[in-house]
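This report refers to the structure that appears directly beneath it.
The values are calculated or read from the model by the stated rules, or taken from the named source; none is laboratory data. As the structure is a computational prediction, the values presented were derived from the model and not from experiment. With ideal geometry, Cβ positions are generated from the backbone for all residues, glycine too; neighbour counts draw on all protein chains shown.
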């Protein structure tokens with residue numbers, strides 16, 4: 001868990017440095033996420049693969065509901081270092097998420113690796 005949290009914090013830091021758009025952190029049903037200056041909530045997670053399980057569906061719905069209650073939110077994005085199962089992607093996109101896979105590869109490219 002400590003490695004997961006450390007890597008997640010590092011990914012959020014790189015996002016802030018490279019995208020230059022983070023305004024603050026927000027709490028989405030107990031899940032810390034970034035809020036950009038343009039009002040987009042961004043969740044960044046170092047995960048190898050996301051599948052649409054009952055547990056993930058429940059958490060996604062709870063997080064979406066929490067975000068819906070926030071003022072000034074213009075969108076929501078999920079950035080994953082790995083891949084997202086097509087069923088999970090469709091379900092997330094149908095509930096308004098923009099899904100970005102292989103974020104780690106993009107970071108390494110931006111950093112010149």
Query raised in the report: Can you tell me which of 67, 107 is modelled with pLDDT under 95 and not in a loop (DSSP other than H, G, I, E, B)?
Result: 107
Query raised in the report: What tally of residues in segment 24-56 results from selecting those that are more than 21 Å from residue 102 (Cα to Cα), within 15 Å of the chain's Cα centre (by Cα) and not in a loop (DSSP other than H, G, I, E, B)?
Result: 5
Query raised in the report: Could we say that residue 83 is farther than 26 Å from residue 2 by Cβ, surrounded by 15 or more Cβ atoms within 10 Å (Cβ to Cβ) and in contact with a strand residue (DSSP E or B) (Cβ under 7 Å, 6 or more places away or on another chain) here?
Result: no
